[in-house]
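In what follows, a single structure is set out as structure tokens and then discussed.
Quick note: the coordinates plus some simple rules give every number you see, no bench work behind them. Small disclaimer: the values here were computed from a predicted structure and weren't measured. Methodologically, a virtual Cβ is constructed for each residue, glycine included, from the backbone with ideal geometry; neighbour enumeration extends over all protein chains shown.
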Amino acid sequence: MKVVLFCGGMGMRLREHVDAVPKPMVPIGYRPILWHVMKYYAHYGHKEFILCLGYRGDVIKEYFKHYDETLTNDFVVRVGQGIEMLGRDTHDWHITLVDTGVKASVGRRLTAVRSFIGCDEIFLANYSDGLTDAPLDEMIRRFEASNCVASFLAVRPNLSYHFVNLDGDERIVSILDASEVGFRINGGFFVMRREVFDFIQPDEDLVPGPFRRMLEANRLLSFRHDGFWASMDTFKDRQMLEALHERDEAPWEVWKGRGGSRP
């Protein structure tokens, strides 16, 4: 299946990085988070990517134009004869890079690449700033068995906030930790049918407008996941992901046999 990746975000809470690069290019180890997202999909056999570029799209274009496989693969140098790669990671990826506007909404970006999706009945999509060990193949199978237009990963938010209930006099009735509340959020991993374009109005975001219409039509599905999920929204988030990667304990690296389910 084709994978649409929304790569237009500015990442205002990661300003120490995004002044120079777009949010999807903020690194975890030797590679940007965008690469980690793509590697996750490639592990499940989905290697045809459509990148919806926006802010500093030129950085993403240059990265893939001059991609260096030696950074994350072993190789042998034969003096005077070049390099013999002992491993490969992106040689069979097909990547389409499309400028979809610096300030365009996600819905508008998706509509802009409709022709590249072609006649495919089902495709995948992602915000490009979150990582998970969710079993993608199972998520797709469940969606295919439904009549829904879209499905998204439903995860517990990684919040350190506390929620309070107030009475009429604004006295606190109860205090709950975020983990006790039990609500879930959209994790940014989507499976969609091409019918989704019938629910998107001009210049509209993907959520909430189109999703509310799907909800009213009983055509919206979720995939509950209680395993690892994290979004890189702040510098603290980036530090946490980097630490997991440095310790070689990154749950999202399902291509190393961790988490998820292998195809």
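Which distance in nm do the two modelled labels at residue 78 and residue 61 give, with both placed 7 Å along the Cα-to-Cβ direction?
Each label point lies 7 Å from its Cα, and together they span 3.7 nm.
Among 90, 132, 72, which one shows the biggest mean-square fluctuation in a GNM of the chain, springs joining Cα atoms closer than 10 Å?
Taking springs between Cα atoms under 10 Å, the residue moving most is 72.
Taking loop as defined by DSSP and a crowding limit of 14 other beta carbons within 10 Å, which GluC sites (Glu not before Pro) in the range 79-154 fit?
121
Relative to the longest principal axis of the C-alpha atoms of the chain, give the angle of the C-alpha long axis of helix 33-43, reported between 0 and 90° and rounded to the nearest 10°.
80
Sequence gap of 8 or more, or different chains, plus Cα separation below 21 Å: how many lysine pairs satisfy both in the chain?
Going through the chain pair by pair, I get 17.
Mean separation of Cα pairs under 8 Å and 6+ residues apart, divided by the residue count of the chain: what relative contact order is that in percent?
Relative contact order, the chain: 24 percent.
Calculate how large, on average over all directions, the projected area of the Cα convex hull of the chain is; give the answer in nm² to one decimal.
17.2
List the trypsin sites (Lys or Arg not before Pro) within the range 63-108 that DSSP assigns to loop and that have no more than 13 neighbouring Cβ atoms inside 10 Å.
Qualifying residues, ordered by number: 88, 103.
Residue 20 to residue 183: extension gain in nm, 0.36 nm per residue of separation minus the Cα-Cα distance?
Taking 0.36 nm per residue and subtracting the Cα distance, the gain is 55.1 nm.
Put +1 on the Cβ of each Lys and Arg and -1 on the Cβ of each Asp and Glu in the chain; which of 25, 154, 102 then has its Cα farthest toward the positive end of the dipole?
So the residue furthest toward the plus end is 102.
Using a Debye calculation, one point per C-alpha and no hydration shell, please list log10 I(q)/I(0) for the range 89-207 at q = 0.14, 0.18 Å⁻¹ in order.
Taken in order of the listed q values, log10 I(q)/I(0) reads -0.78, -1.07.
What do you get for the angle between helix 235-246 and the principal long axis of the chain? Use alpha-carbon atoms, 0 to 90 degrees, nearest ten.
The helix 235-246 is inclined about 50 degrees to the chain.
Which chymotrypsin sites (Phe, Trp or Tyr not before Pro) in the range 24-74 sit in a loop by DSSP (not H, G, I, E or B) and have at most 16 other Cβ atoms within 10 Å of their own Cβ?
30, 67
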